[in-house]
Structure formats: C-alpha cells, structure tokens
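Here is the structure we will look at.
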Amino acid sequence: MYKKKIPVSLDCGLHLFMEVIHGKWKISLIWCIHSGIKRPGELQRKIPKASRRILDTQLNELVSHGILNKITYDQRPLKVEYELTPLGESLIPAIEYTARWGEDHREELEQLIRSQGQNT
C-alpha cells in the first residue's frame, strides 16, 4: 500500500479536513451517497469520468477515515452498499456552503478559469 513521504500534519483542523476530503472525487462521492446513491455501480454511473479503481480507492479511504460505512451483504452475487456515518453527515453543511459559494461567484470564477486555460 502507498505510504506518504511527508507525514500528515495533525496540528490544525484545516489540515485534518483537507486530509479527509483530499481526492478528486471524494466530495462527489459523499454528496451522491447523501443523495441516496449507495451501490458502487450506481456511483460509477453517476461519476463516469472517474475510473472504478479510483472510486474504490477513495471509497476505502472515506471508510478508513470514518466518513462512510461499508455494508457487505452475505449473498451471491456479492452486494455492497455505502452509507454516511454521523461524522460523514456532519460534512454535508460544509459541502452545501462550499457549493453555494461557487454558485454565488460562478460568473467571476468561470472567467478567471477560462483565462487561465488560454494562458497555458
């Protein structure tokens, strides 16, 4: 398993937050699960730009950080579902606030991001 070269800084709440949500698809995964999408195949269909391997890795990281519970049903074919833990549910207001900030500043941000793309 991959081991980070630089240790995680645990001395600041912001560093802890960033460690938990660091990953391109983690916030989308949390939001999808909050919205009722629970199975890996459904998550893959909802986030088609992400590979299944990356989604599985990030789901496992969210489980290890206590944000999600992974429920495996004893049946064939194997059935797996994810649900938010209370700790995971506590992230929803932060995600909603961040999304609202993005919408409130959409016009300005889109112009800046487009101009950066043209300058590179």
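Worth pointing out:
- Of all residues in the range 81-93, those being open to solvent by 60 Å² or more (accessible area, probe 1.4 Å) and either in a loop (DSSP other than H, G, I, E, B) or under 14 Å from Trp31 (Cβ atoms) (or both) number 4.
- Against the list (1) open to solvent by 100 Å² or more (accessible area, probe 1.4 Å); (2) under 20 Å from His22 (Cα atoms); (3) not basic (Lys, Arg), the condition Glu108 fails is (2).
- The one condition from (1) surrounded by 15 or more Cβ atoms within 10 Å (Cβ to Cβ); (2) among the aliphatic types (A, V, I, L, M); (3) under 30 Å from Ile113 (Cβ atoms) that Val63 does not meet is (3).
- Unique residue being closer than 21 Å to Leu16 by Cα, open to solvent by 50 Å² or more (accessible area, probe 1.4 Å), assigned to a helix (DSSP H, G or I) and charged (D, E, K, R) when the list is Glu103, Glu96, Glu42: Glu96
- Verdict on Gly36 being part of a loop (DSSP other than H, G, I, E, B) and under 12 Å from the mean Cα position of the chain (by Cα): no
- The set of residues in the range 1-39 that are open to solvent by less than 40 Å² (accessible area, probe 1.4 Å) and touching a His at 6+ places or on another chain (Cβ under 8 Å) contains only Val20.
The values are calculated or read from the model by the stated rules, or taken from the named source; none is laboratory data. Just so we're clear, the structure is a prediction, and the values are computed from it rather than from any experiment. For neighbour counting, all protein chains shown are included, and Cβ atoms are generated from backbone atoms with ideal geometry for every residue, glycine included. These accessible areas exclude ligands, DNA and RNA; they are computed on the full protein's heavy atoms, side chains included. Shrake-Rupley method; radii C 1.70, N 1.55, O 1.52, S 1.80 Å.
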